[in-house]
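Notes for the one structure printed next.
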Amino acid sequence: MGHILWIGPRESDVAGLEPVISASTTIFGSNSGNNRSYSKDIGIRVDHNQPDCLPDPYCNEKVAEWIAQYPDLEILYYNSIYSSGLLPRYQERVIGRNDLALLKLLDGKSGARKLAAKYIPIVPYQQVDNITQLRNAVPELSQGTGYILQENHASGGAGTHVIQKDNFEEIVAAFHPEKSYFVSPYIERSVSVNIHCILFDDEIVIFPGSIQLVKVANAKVIYMGADFITYQDLSPAAREDIKRCGEKFCSVLHKMGYRGVLGIDSLLVDQHAYFLEANPRFQASTCLLNKALLDKKLPSIQELHLAAFNGVDGAKFRGLERIQVPYSMAVYTAENWNKHIKCFACLPQAEAADFVPDGYDPLEPVREGAHLFHVIFQTNLCGINPDGALWIYENLYDIEDSFSAAIYARDPLYIKVSLLNQGVQFSQNAKWYLEKHGEIRRAVFSAADITILDGLQVNCPSEVKFVTLSPWRIDLSDAGDLKLYYRNTEISAVAIDMADPYIKQFTKFGIPFQSISFWATDRLRIHHTISCVFKKSDRGCRFCEIPKQDTVCSLADIYEVIDFYLDHADSFRHFLIGGGSEPLDQEACRITKIAKYIRSKSNKPIYLMCLPPKDLSVLKQWYDAGITEIAFNLELFDRVAAKQFMPGKGQIPLNQYLSALEAATSLWGKTGNVRTLFIAGLERTESLLQGIEAVASRGIVPILSIFRALYGTEMGDIVPPSNNWLVSLFYNGEDICRRYHLHLGPSCSACQNNTLSLPFDMLS
């Protein structure tokens, strides 16, 4: 093999392939050594999804220069369909190229879909060539149904739009009369996947796939990367269906003479694969697959591609189908990144990232949609939610859209959702300021409790995954006071709850106060036990960070702590009894004694959170003991999901919860004093809304706690819900509650700090 010139989008596409690739001419690159970068030469980063992103004259000029250096030069294209722009004298140097007519057939969505439809399931579509055809193709828009509109020749999300009722006329106005389009149904509960295939003379090798990171923003579908790690979390049946469809389509192309690398995009819906399009070229995610191959000193995809054209026995590569690809990639463009690249230097080692600039300079001008850089991670970036759709870590990207516009408009719901979900960073100046005034209280879920917008209290995580990329920052203003900023725009003055000065004290029996009590916002939490019966039997909740403990605290310890706080820190509004869990019979008796003791010393309200008792007569004991509010937290209404994520607690029957809750309303009423909490993000939306309906219809207030993946837990890599889903859930939940003259709880605005709820005076 002689010297090979690579022509394609990025210099990094051939990173580590120096023994194979001698030089590169790319759209993006360093423009140094053996790379020539078009964007560098013209002084602006271009949109590589546009047809003129790497002009033929430029390629011909650079080919001539490389031939002068390497007379035996051969040329390998990222997408060899563009090789047709080379001068005739250079055409004979192109290697690894299929028949151009076949490439053109596959390059357009029309030809590929028509061919695939004969053999495998495809996403339904309709070709439209004018506005009249477009209007006729989307008759259901009046009912709010969405559609995808795609140009026949487009990639990377370019030329792809989501049509909905509110933007239909806008998209029609931009309809290009000389372009061909395709209309498909917009299936929200779906996941886009990509697989690499290599077609040899005697073998078809299909590699493990990746989840395509795509997001809809401003009616556009934006490609934002790939995740091979999450692909392995798909069910075996789903992965097998994707592979089976790929093999069938590849077999058809194989008979047509196609060889080498091929990418296939499919849409996964209810565990079934539906063909979207074929990519007769290398993929944006090829670099991740290559990284895994090179880690094991195996041939790269480029080498395998060339081997397929050279008649190499493909059977020897059969085992490559089982290679593990422990990488994911976030791609940043001018559409999804507004922060400085130095943010990535702050990522913790657990999220170790490889920054790949491809010549990016933050000071150079960029065109709309231009590729900036990408980052390779050794952790997942996305997850498949219970509805079968994709959730991506919100902090990974920074998109200006309607959600961010609502934050700039100071909408309390959008601000709270974003803070709860994305967390906040503290500037060094803010940290120094706070150190002078004490210690930030480490609130529940590794968070800080803050107050903004004249009374909105929010529990903001500061240690969750990718929090260093959060758009939220607390900093000192020029006036020397603390402010909350969103993308460097001041949103609100901020007050931060400081640490309990007594938390490090010990009882006379040597039990730390922090094991028994937790003073947060306006409540003093008293743990009736510091252990968990489910943890002890290795059936603890998979998302819980409470360690297995054998420590026992006596009632005397608990009483001592209660007395101390009543004597030294009486400013809290109410007590909360809750924490761990004990066997139900033991728990009930202990709670009664604690409540009676509190009531003997104080008239403050007492809120109880515990497991639902089997013996409902205990409710009257608790009521008589002075408990004023009560909650039995279902957490997951779907009991299959409950058993999956809560192996111990999930075994408690649904009827036991509902019976206890309903019985409680006969004592505490149906005006908000009886509650149950649901975790938002671990069960299907339909099931969660059914749960809200089931309890609200009984006069029980539902509380929504957003799932938060915590470091060190079994579910530490589960992706939290999307911001937009949470906003939608809030409105749907509120609508259900209002039918029964309730609101999403709790009613106490301070206790709402870590829940999907708003103070009643902020509700519209």
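The values are calculated or read from the model by the stated rules, or taken from the named source; none is laboratory data. Bear in mind that the values here come from a model prediction, so they are computed numbers and not experimental data. Glycine also receives a Cβ, built like all others from the backbone with ideal geometry; neighbour counts cover every protein chain displayed.
Side notes on the structure shown:
- Beta carbons closer than 6 Å, at least 6 apart along the sequence or on distinct chains, pair a first residue in region 40-56 that is within 14 Å of ASN79 (Cα to Cα) with a second that is among the aliphatic types (A, V, I, L, M) and crowded, with 18+ Cβ neighbours inside 10 Å for HIS48/ILE27; ASN49/ALA158; CYS53/ILE27; CYS53/VAL46; LEU54/ILE27.
Listed here are the residues, each with its yes/no results for (1) surrounded by 15 or more Cβ atoms within 10 Å (Cβ to Cβ); (2) outside any helix (DSSP H, G or I); (3) not assigned by TED's automatic domain parsing to the domain that holds GLN651.
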position	(1), (2), (3)
PRO501	no, yes, yes
LYS504	no, yes, yes
LYS508	no, yes, yes
TRP519	yes, yes, no
ARG525	yes, yes, no
ASP538	no, yes, no
CYS541	yes, yes, no
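- Residue selected from region 206-242 under the condition within 14 Å of the chain's Cα centre (by Cα), of a type in the set (A, V, I, L, M, F, W, C) and in a strand (DSSP E or B), by the criterion nearest to PHE403 (Cα to Cα): VAL216
- The residue pairs whose first member lies in region 490-503 and is polar (S, T, N, Q), whose second member is at pLDDT 95 or above, and whose beta carbons are closer than 6 Å, counting only pairs six or more residues apart or on different chains, are SER492/ILE452; SER492/LEU484.
- Options LYS593, LYS620; residue that is among the charged types (D, E, K, R), more than 20 Å from GLU560 (Cα to Cα), touching a Leu at 6+ places or on another chain (Cβ under 9 Å) and outside any loop (DSSP other than H, G, I, E, B): LYS620
- Residue in region 712-724 that is touching a helix residue (DSSP H, G or I) at 6+ places or on another chain (Cβ under 8 Å) and either part of a helix (DSSP H, G or I) or of a type in the set (Val, Ile, Thr) (or both) present: yes
- TYR607 vs. criteria within 30 Å of LEU729 (Cβ to Cβ), surrounded by 20 or more Cβ atoms within 10 Å (Cβ to Cβ) and in contact with a His (Cβ under 9 Å, 6 or more places away or on another chain): yes
- Residue check for ILE341: closer than 24 Å to GLY16 by Cβ, surrounded by 15 or more Cβ atoms within 10 Å (Cβ to Cβ) and assigned by TED's automatic domain parsing to the domain that holds SER210: no
- Residues that are of a type in the set (Ser, Thr, Tyr) and either on the phi > 0 side of the Ramachandran plot or part of a strand (DSSP E or B) (or both), drawn from region 35-61: SER37
- Among the candidates TYR408, TYR397, residue that is modelled with pLDDT of 90 or more and either closer than 23 Å to LEU213 by Cβ or of a type in the set (S, T, N, Q) (or both): TYR397
- The residues in region 629-657 that are assigned to a loop (DSSP other than H, G, I, E, B) and surrounded by fewer than 17 Cβ atoms within 10 Å (Cβ to Cβ) can be counted, and the count is 2.
- Leading residue by the ranking (nearest to the chain's Cα centre (by Cα)) among those in region 450-484 that are within 16 Å of CYS343 (Cα to Cα) and hydroxyl-bearing (Ser, Thr, Tyr): SER470
- Members of region 708-737 that are modelled with pLDDT under 95, of a type outside the set (Val, Ile, Thr) and more than 26 Å from ALA217 (Cα to Cα): LEU710, TYR711, GLY712, GLU714, MET715, GLY716
- Checked against (1) in a strand (DSSP E or B); (2) modelled with pLDDT of 95 or more, CYS245 passes all but condition (1).
- Residue satisfying all of: in region 107-165; modelled with pLDDT under 85, among the aliphatic types (A, V, I, L, M) and part of a helix (DSSP H, G or I); surrounded by the fewest Cβ atoms within 10 Å (Cβ to Cβ) among these: ILE131
- Condition met for GLU11 (crowded, with 23+ Cβ neighbours inside 10 Å and either touching a residue at least 24 places away in the same chain (Cβ under 8 Å) or among the acidic types (Asp, Glu) (or both)): yes
- Of residues in region 14-26 being free of Cβ contacts under 8 Å to residues at least 40 places away in the same chain and not small (Gly, Ala, Ser), the one farthest from ALA307 (Cα to Cα): GLU18
- Filtered residues of region 450-485 (kept if crowded, with 19+ Cβ neighbours inside 10 Å and of a type in the set (A, V, I, L, M)): ILE450, ILE452, LEU453, LEU456, VAL458, VAL464, VAL467, LEU469, ILE474, LEU482, LEU484
- Which listed residue, of VAL269, VAL252, VAL325, is crowded, with 19+ Cβ neighbours inside 10 Å and β-branched (Val, Ile, Thr): VAL325
- Residue in region 731-750 that is crowded, with 19+ Cβ neighbours inside 10 Å, in contact (Cβ under 8 Å) with a residue 60 or more places away in the chain and in a helix (DSSP H, G or I) present: no
- Among the residues of this structure, ILE546 does not count as one that is out of contact with any strand residue (DSSP E or B) (no Cβ under 7 Å at 6 or more places or on another chain), among the hydrophobic types (A, V, I, L, M, F, W, C) and in the same structural domain as MET646 (by TED's automatic domain parsing).
- Qualifying residue in region 301-316 (condition: without any contact (Cβ under 8 Å) to a residue 60 or more places away in the chain and among the polar types (S, T, N, Q)): yes
- Sole residue being within 29 Å of ARG539 (Cβ to Cβ) and not aliphatic (A, V, I, L, M), chosen from GLU734, GLU714: GLU714
- Reported count of residues in region 14-39, each being surrounded by fewer than 24 Cβ atoms within 10 Å (Cβ to Cβ), over 33 Å from the mean Cα position of the chain (by Cα) and either more than 13 Å from HIS371 (Cβ to Cβ) or not assigned by TED's automatic domain parsing to the domain that holds TRP66 (or both), is 11.
- Selected residue (only one of ILE75, ILE81 is over 32 Å from the mean Cα position of the chain (by Cα), β-branched (Val, Ile, Thr), assigned by TED's automatic domain parsing to the domain that holds ASN60 and not in a helix (DSSP H, G or I)): ILE75
- Taking region 352-379 as the range and being under 28 Å from TYR186 (Cα atoms) and crowded, with 21+ Cβ neighbours inside 10 Å as the test, the residues that pass are ALA370, HIS371, HIS374.
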